Amino acid sequence: MPHQEKVRAALGRATREGVLGQDHPVVGFIDVQGVRDSVTALHEAFAHVPAVLHAFAVKACPLVPVLRLLADAGMGCEVASPGETRLALAAGFAPEHIVLDSPAKTRAEIREALTLGIALNADNLAELDRIDALRPDGSRSVIGLRVNPQVGGGTIAAMSTATPHSKFGVALDDPGARARVREAFRQRPWLTRLHAHVGSQGCPLPLIAKGLAALHRLAEEIDEYVGRRQITSLDLGGGLPVNFSDDSVTPTYHDYVQALTDTEPALLDGRYEVVTEFGRSLLAKNGFTAAVVEYVKESGGRRIALTHAGAQVAVRTVFMPDAWPVRITAHGPDGLPKTTRVVPQDVAGPLCFAGDVVAHERLLPELSEGDLVVLHDTGAYYFSAPWAYNSLPRPGVYGVLHRDGDVLLAPIRTPQTVAELVEESGATHTVALLTGFGSPGSS
Ligand SMILES: Cc1ncc(COP(=O)(O)O)c(C=O)c1O
């Protein structure tokens, strides 16, 4: 079923069931079959590589039922905080299918991963020293080192992790760095993995391939230096860019594999086990956000729709509109596409700052109070990672299944209530600042 039809069907069901409307004016949706299809495409593209762990980057969609769906579809997962580790375990991922990255792991996090048998990639050489001290005898964790191949950035600086001054990994071209990395491996026979993540959205495939070719060559160099076959796996990170301008999936996972193979033919020849860490490319196009238009007004001759989708569900789009444009469609209260005349309109959110606008002067059918707007391709890093400004509640998220001409919804995340929000904002400590500051922790 074409994407736009799926969206219409889901909107119709959601408005009829009341999960989207006045009581719940902004909602996220995930297309269950779409997610499965994306995972299949990923597996197919790497089918010729003998040993691969495709680890979904949890940050892209930290919702337990989505993680469970991905586990069921044969994925592992990549985590980058104690919270993400717990989400992965709650979703049922086996520890050996979890990879822990993060540039600031505490000793407690490292100890937990090593005890459970979760793989981890040290961000720097100081972290390796900590691992030396914390690694229990017989730990089953695969341990790697993240390097920064310093091949440069893409079009979005904040998403580019292989720049000369990136905060991630060991900067390989810095004076003496390669020698220190080689020596770190020589001293630690249990260090068997190399990791790089060149960047995310905005990084073109040739740049990613160049960085991963450097990773492969480093692995060969280290093995030669230590005089044994020590590096057994390469963790290639994620970063396949997503096309946010129409329904087509481009580039594809096949394009990615082709780019890697063209640049470094031996990279995927099976000599090394491979880990991937894709996030956005698996989920973005399989999710959308729907929001109610609360009012429509004119300001300085411009039409503005005041909706309930703003920076709380689209923080990057609001603060960096050129880097993160989202497609928007206009629908009536029943979910059917609007057919009113097309005019330029700002689609604004509910937050109290002027920049809270998800689309500026966008050509859209004239919106009215009670209509719906859909923000497409927002299945990754949007409603699943809300921003708490203005104490807006986390919106509900629903899984969508299209079956036998019908559309079914299943709750993924219950909408946060205002009572929960008050509780989370310190309500149990209401008088804490008036009581003379008794003993620490008392309120
Ligand atoms: C180490 C690492 N791996 C994987 C990813 C996922 O990247 P993407 O969602 O672009 O595939 C990220 C994103 O920040 C990352 O930092």
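Readers should treat all values here as calculations from the given coordinates under stated rules, not as data from a laboratory. A quick note: this is a predicted structure, and the numbers were derived from the prediction, not measured. Positions of Cβ are generated from backbone atoms using ideal geometry, with glycine treated the same way; all protein chains shown enter the neighbour counts.
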- Task: Grab the other residues whose beta carbon is less than 12 angstrom from that of residue 343, score K and R as +1, D and E as -1, and report the net.
- Result: +1
- Message: If the only charges are +1 at each Lys and Arg Cβ and -1 at each Asp and Glu Cβ, what is the size of the charge dipole of the stretch 32-279 around the Cα centre, to the nearest 20 debye?
- Response: 720
- Task: Would you please state the base-10 log of I(q)/I(0) at q = 0.08 1/Å for the stretch 32-279, with intensities from the Debye formula using one equal scatterer on every alpha carbon?
- Result: -0.28
- Run through the DSSP bridge list for the stretch 32-279 and note the antiparallel percent, rounded to the nearest 5. 5
- Task: In debye, nearest 20, what is the charge dipole magnitude of the chain about its Cα centre with +1 on Lys and Arg Cβ and -1 on Asp and Glu Cβ, if you could check?
- Result: 500
- State log₁₀ I(q)/I(0) for the stretch 285-443 at q = 0.14, 0.18 Å⁻¹ as given by the Debye formula over alpha-carbon point scatterers of equal weight, solvent excluded. -0.76, -1.11
- Task: Taking the Cα centre of the stretch 1-116 as origin, sum charge times position over the Cβ atoms of Lys and Arg (+1) and Asp and Glu (-1), and report the length of that vector in debye to the nearest 20.
- Result: 200
- Query: So, in Å, what gap is there between the alpha-carbon centers of the stretch 374-438 and the stretch 19-69?
  - Reply: 19
- Pseudo-spin-label distance residue 334 to residue 243, built 7 Å along Cα→Cβ, given in nm, is 3.3
- How much length is gained on full extension from residue 258 to residue 187, taking 0.36 nm per residue of separation minus their Cα-Cα distance? 22.0 nm
- Farthest positive-ward along the chain dipole, Cα basis, beta-carbon charges - from 34, 187, 382: 187
- Please give the FRET efficiency for residue 435 paired with residue 106, using the beta carbon to beta carbon distance and R0 = 45 Å, rounded to the nearest 0.05. 0.90
- Query: If one takes the longest principal axis of the Cα atoms in the chain, at what angle in degrees, from 0 to 90 and to the nearest 10, does the Cα axis of helix 205-226 lie?
  - Reply: 20
- Please work out how much length the chain gains when fully extended from residue 47 to residue 423, using 0.36 nm per residue of separation minus the C-alpha to C-alpha distance, in nm with one decimal. 130.5 nm
- Item | Expected 222 nm ellipticity per residue - DSSP helices of 4 or more, -39500 (n - 2.57), all of the chain, to 500 | -8500 deg cm²/dmol
- Past 24 Å, Cα to Cα, is the threshold; run 167/210; 105/285; 6/297 against it and keep the listed order. 105/285; 6/297
- Alpha carbon centroid spacing (whole Å) that separates the stretch 143-168 from the stretch 296-326: 30
- Message: If you scale each eigenvalue of the Cα gyration tensor by 5 and take the root, what three semi-axes come out for the chain, rounded to whole angstrom and sorted largest first?
- Response: 41, 27, 20
- How many angstrom separate the Cα center of the stretch 252-278 from the Cα center of the stretch 171-241? 14
- Sketch the reach of a paramagnetic label on residue 388 as a point 7 Å from Cα along Cα-to-Cβ, and name the residues of the stretch 274-294 whose backbone nitrogen lies under 14 Å away. none
- Message: Eigenvalues of the Cα gyration tensor times 5, then square-rooted: what semi-axes does that give for the stretch 141-246, in whole angstrom, largest first?
- Response: 27, 14, 10
